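The block underneath contains the structure these notes are about, expressed in structure tokens.
What follows draws every value from the coordinates through simple rules; no lab data is involved. Note that the structure is a prediction, hence the values are computed from the model and not measured. Every residue, glycine among them, receives a Cβ derived from its backbone with ideal geometry; neighbour counts consider all protein chains shown.
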Amino acid sequence: MPIKYTPPSPEDLAELKSELGLTGKQMAELAWLAGDQHWRKYTNPNPATARQMSSHMLFTMAAQLELSPEMIEKVLNRMRSMGATIDLTEPK
């Protein structure tokens, strides 16, 4: 299904972080990013170096904010049934 998508601005994402009261690391985890340094790339106010958030990443964040843990697990299990390997445990 093709979509027309305009990504949130760095300011929109910074505002979301503030509204949620989360750290950069927590926002990175919400977006399934490797770390808070990656999150900062999406909230960089400099248009020349800011990254635009993909619809897939924003969907992942929204799903985790809106769906129950059981629904998230149902989606992850579907992804696994399609051949994906997904492990959400913290690395040690």
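Being over 16 Å from the mean Cα position of the chain (by Cα) and either without any contact (Cβ under 8 Å) to a residue 40 or more places away in the chain or assigned to a helix (DSSP H, G or I) (or both) is the filter; apply it to the stretch 1-18 and report the residue that is surrounded by the fewest Cβ atoms within 10 Å (Cβ to Cβ).
Among them, the one singled out is Met1.
Quick one: what pairs do we get from the stretch 50-67, first residue in contact (Cβ under 8 Å) with a residue 12 or more places away in the chain and more than 15 Å from Lys17 (Cβ to Cβ), second of a type outside the set (A, V, I, L, M) and surrounded by 13 or more Cβ atoms within 10 Å (Cβ to Cβ), C-beta under 6 Å, 6+ apart or different chains?
Hits for this filter: Gln52/Pro7; Thr60/Trp32.
Filter the stretch 48-72 down to residues that are farther than 20 Å from Gly24 by Cβ and assigned to a loop (DSSP other than H, G, I, E, B) and give me whichever is nearest to the chain's Cα centre (by Cα).
That would be Leu67.
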